[in-house]
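Okay, structure first, notes after.
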Amino acid sequence: MDVTEELQVIDAVLKGDVDRYEALVNRYQKPIINFIFRMVGNYEDATELAQDVFIKSYVSLAGFNRQYRFSTWLFRIATNRAIDFLRKRKVAVVSMEGDYEDYTPQYKSDGSSPLETLEDGRLKTLLGDAIQQLPPEYREVIVLYHVTETSYEEIAEITGLPLGTVKNRIFRARKMLKKILEGEI
Amino acid sequence: MKECKGLKDYLTDAMDEDRKMRFVAHLAHCKTCQASVKEDYAISKALSAFPKVNAPTKFAATVMRELVLRKRSRFAWGLYGAAVVLVAALVGVILGGNVSAVAGQATVVVRSLADFGGSLYTVVHNISAILFGALPMGRMAPALAGGIFMALCFVFYKTAFSFSAGRK
């Protein structure tokens, strides 16, 4: 479904043809669930929140700004919903900003990076856990960029951050992940 | 480990071609930057290769069912609103805009409501007296009666809420 088709579907839904909305749900259910899943770290919560996102999107569809892509708008709702959920859940997220640069990993360095020695499956498992330790504002950009393969520009539109800040946050998030992983190994 | 200048811009694709070429030349002989780039690529690669989860089989159907329920619920509220307006209009027609008659009728209504309230109070009072007399718990009886009343209110509220949300 391209952008023009999406706009046609949106117009039809706004005119009262609710059933057409299912095409948008089918198109975006997987990326939205994956995004929220990596944000909150739990599949059941992710599917429930994703449902909320699609319902909220439907309810406020009349306010959709056509200068953005529908996906941008949907991910903005998903981002807000996920961050709101994380705040309410009050997960003890340790603020890494400013601290991670002073962190010393607990392994003996032989000159090569421990990340290089990890087998692929274990690295992914550790990485999944490490993402959950990132502060939400870093988690959202890294998940959007790497997991849902959203461009820097679109992330800037979704989060409302300047492009430079988005790139900086993604870079810093990867450095935080590296430090967390080195601590795990 | 101190980072070389330009590493961040290189890794976030924030360099123009000229700067990029200069940094690539620097990279060829800087072991520190080589290690950083290698690690950053390793993490990026692992993140991008994360296995994707699938949506539950009936996800779209569940969302659509929820939307239909909401639409029905909004329709029901619209009907309630329309009914209220209709009743008000009907009352207006019946009274025919006669202000003194309306005031008279209103007084009668208020009086009858007051009478009804008084009667209701008497009924509740009598029932309470019977209940308190029947319950052998002394001082606990009013608290128990209050609890039962609150529970009935809660049941009434939940029932009304589920009906207004279009569910039974």
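The values are calculated or read from the model by the stated rules, or taken from the named source; none is laboratory data. Note that the coordinates shown come from a computational prediction; the quantities given were computed from them, not determined experimentally. Counting neighbours? That spans all protein chains shown, and the Cβs are built from the backbone with ideal geometry, glycine included. Remember, those area values only see protein heavy atoms, side chains included, never the ligands or the DNA or RNA. Shrake-Rupley method; radii C 1.70, N 1.55, O 1.52, S 1.80 Å.
Okay, here's what the table says:
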read-out: Extension gain (nm, one decimal) between residue A:4 and residue A:153, 0.36 nm per residue minus Cα-Cα; value: 51.6 nm
read-out: Average beta carbon contacts from partner chains per residue of B:56-69, 10 Å cutoff; value: 5
read-out: Bins of 5 Å, starting at 0 and running to the largest distance - Cα pair percent for the stretch A:3-89; value: 3, 15, 28, 24, 16, 10, 5, 1
read-out: Spin-label pair residue B:65/residue B:85, simplified geometry with 7 Å Cα→Cβ offset, distance in nm; value: 3.4 nm
read-out: Nearby lysines by direct alpha-carbon distance to residue A:30 (threshold 27 angstrom, same-chain neighbours under 8 apart not counted); value: A:15, A:56, A:88, A:90, A:124, A:167, B:45, B:52, B:58, B:71
read-out: Accessible surface buried upon B-A contact (total; probe 1.4 Å; Å², nearest 100); value: 3600 Å²
read-out: Potential lengthening between residue A:124 and residue A:137 on full extension [0.36 nm per residue; Cα-Cα distance subtracted]; value: 2.6 nm
read-out: Protection-proxy order for peptides A:16-27, A:135-146, each taking the mean of Cβ atoms within 10 Å per residue, highest first; value: A:135-146, A:16-27
read-out: At R0 = 35 Å, FRET efficiency that the Cβ-Cβ distance of residue A:67 and residue B:29 yields, to 0.05; value: 0.15
read-out: Average beta-carbon neighbours from other chains, 10 Å sphere, peptide A:15-25; value: 3
